[in-house]
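A short write-up of the structure that comes next.
The values are calculated or read from the model by the stated rules, or taken from the named source; none is laboratory data. All values reported here derive from a predicted model rather than from experimental measurement. Here the Cβ positions follow ideal geometry from the backbone for every residue, glycine too, while neighbour counts run over all protein chains shown. Just the protein is used for accessible areas: all its heavy atoms, side chains included, with ligands, DNA and RNA removed. Shrake-Rupley method; radii C 1.70, N 1.55, O 1.52, S 1.80 Å.
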Amino acid sequence: MFGTGSVSYEVQSRREGRWRIEGAYTDQEAALSAARSQLAATGVEEAKVVKFRTVAGLSLETVILHKTVPQTQRKGLTLGGTAEGAPFCRTPDDLRGFESRVVIGRLLRPYLDAQRITPTELLHSWPLFRRLEEQGALLGAAIHAAARHHADVHGVSHAARARELRQLVEAVSGAARDALAERRRLPHFDAADLPGTSRAIDGAVGREGHDALFLVLLSQHLEAGGPLAGKLDMLLALTGDDVEPRHLVLLDGVIADIMGSADTVKELLGAQPSLHAGLGALADALFDRDPDPALVPALAPMAPSLRRVCRLVLEGRLPQSRAVLVERLRQSIAGDQPLDRRDAKVEAVLTHDLADRLKGADGATLGGAAMEKALERRLLRHRQSVLRAQGMHDIADRLAGR
């Protein structure tokens with residue numbers, strides 16, 4: 001009597017306790033398929049399909065699918081490294097500085113990678129900082145790790161230093177909270193006109209407040225970047241030949257933050273067949289050299305974004321990123337992982353090959369004496385392993401003490 005009316009379907013998902021509409025459909029199977037895809041997506045807690053039918057002016061609503069994602073027992077996040085090298089910060093700007101962010105990146109690496117954010121974003125975004133606070137003792141553990149380091153190195157009171165660091169953290173997070181509260185009144189971040197953005201920032205807070213507010217707005221801009229590799233693409237799009245020096249310094253800092261993520265660098269390097277291949281590819285890129293043609297068939301292609309970063313590093317335009325990438329090379333060479341797990345006998349040959357590829361046209365080793373020491377350490381460990389395999393443990397032990 002009333003006819004068939006109109007039928008539509010709405011797919012909804014719940015993330016972090018909040019429901020949101022993911023899409024509207026006219027076909028039931030398409031809606032159900034979209035809901036199942038949502039259930040498999042990261043961060044989704046529930047998904048449902050709601051059927052809406054309008055008949056003779058009446059709207060009927062029926063839930064035809066409602067599923068909850070099983071909650072797996074997750075291990076608590078822990079610190080990812082030590083506070084070695086943590087600068088003795090005295091002001092909020094010190095805490096936001098490059099050396100401090102390197103240590104923050106090391107301490108909070110598991111958390112930052114899981115959230116797909118950089119230390120710069122964490123320090124300039126109140127929602128991201130609040131999310132870290134909700135992780136329980138993780139923030140406190142990082143503060144106390146830095147305080148212990150300062151106590152050991154500078155002879156200060158651990159407890160007093162922890163209180164001072166907590167006050168600095170609260171000052172930085174408070175500034176980010178205030179910026180969020182004033183978001184509607186703040187200048188708009190125009191990715192196509194950074195000079196115009198900076199002029200607006202200078203007019204709003206003065207030149208002394210420019211950098212902090214610029215990074216707040218940049219962090220908001222990067223929210224759409226998704227994973228760190230996507231954010232890197234967005235940052236590189238801002239580093240054209242006409243970029244102003246003060247903008248390049250700030251962009252370099254965030255790019256350096258991304259280069260501090262080992263997982264992201266591995267992703268950008270591609271699935272290389274061995275540690276030697278990955279380190280060699282990165283070294284070649286930092287000198288803008290083409291790889292050995294004989295090795296090309298076995299190498300995975302490097303992401304264009306990483307090659308672009310290396311080219312800017314070689315041009316001297318990204319000094320902070322250079323420091324992080326060189327340190328990543330040094331740590332990997334100084335580490336215990338074999339250069340090629342398939343054949344331990346070639347360790348010495350591959351180490352010498354890396355030593356050659358780390359030399360520039362002037363013969364100087366990238367990373368200087370620290371890199372040379374790491375190479376020597378790897379060669380020494382290899383010689384010791386060969387001696388021990390032959391039963392000459394005393395000689396191997398003496399090599400370690402020379």
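Carbon-plus-sulfur accessible fraction, the range 282-402 (probe radius 1.4 Å, protein heavy atoms only): 55%. Cβ-Cβ distance of Arg289 and Ala24, R₀ of 51 Å, FRET efficiency by 1/(1 + (r/R0)^6): the value works out to about 0.45. Using the Cβ-Cβ distance between Arg177 and Glu315 with R0 set to 30 Å, the FRET efficiency works out to roughly 0.20.
Considering only Pro127, Val50, Ile104, and ranking their Cα positions along the charge dipole of the range 11-141 that arises from unit charges at the beta-carbon of Lys, Arg, Asp and Glu, the one farthest toward the positive end is Val50. What's the Kirkwood radius of the chain in Å, using all Cα pairs? One over the average 1/r among Cα pairs gives 24.8 Å for the chain. Would you mind computing the Rg to Rh ratio of the range 188-255 from its alpha-carbon coordinates, Kirkwood style for Rh? Taking Rh as the inverse mean 1/r over Cα pairs, Rg/Rh reads 0.94. For the pair Lys67 and Val153 in one chain, pulling the backbone fully straight at 0.36 nm per residue adds 25.6 nm over the alpha carbon distance. Relative to the longest principal axis of the Cα atoms of the chain, the long axis of helix 304-314 lies at roughly 50 degrees.
Normalising the average separation of contacting C-alpha pairs (under 8 angstrom, six or more residues apart) by the number of residues puts the relative contact order of the range 58-190 at 25 percent. Dividing the summed -39500 (n - 2.57) terms of all DSSP H runs of n ≥ 4 by the residue count of the chain sets its mean residue ellipticity at 222 nm at -17500 deg cm²/dmol.
Under a model in which nothing but the beta-carbon of Lys, Arg (+1) and Asp, Glu (-1) is charged, the range 325-387 shows a dipole of about 180 debye around its Cα centre. Using 0.36 nm per residue and subtracting the Cα-Cα separation, the extra length available between Arg377 and Asp340 on full extension is 11.6 nm. Using a 1.4 angstrom probe on heavy atoms only, work out the carbon and sulfur share of the accessible area of the range 34-110 in %. Of all accessible area on the range 34-110, carbon and sulfur atoms account for 52 percent. Over all other residues within a Cβ to Cβ distance under 15 Å of Lys345, the charged ones net out to +2, with Lys and Arg as +1 and Asp and Glu as -1. Could you point to the residue in Ala271, Ala192, Thr82 farthest towards the positive end of the chain's charge dipole, with +1 and -1 charges on the Cβ of Lys/Arg and Asp/Glu respectively? About the Cα centre, the residue reaching furthest to the positive side is Thr82.
The residues of the chain present an accessible area of 54 Å² per residue when probed at 1.4 Å with all protein chains retained.
Charging the Cβ of each Asp and Glu at -1 and of each Lys and Arg at +1, and nothing else, the dipole of the range 89-219 about its Cα centre rounds to 300 debye.
For the pair Asp190 and Ala364 in one chain, pulling the backbone fully straight at 0.36 nm per residue adds 58.5 nm over the alpha carbon distance. Each residue, Arg53 and Glu133, gets one label point 7 Å from its Cα in the Cβ direction; the gap between the two is 4.9 nm.
When the convex hull of its Cα atoms is viewed from all sides, the range 221-292 shows a mean projected area of 5.8 nm².
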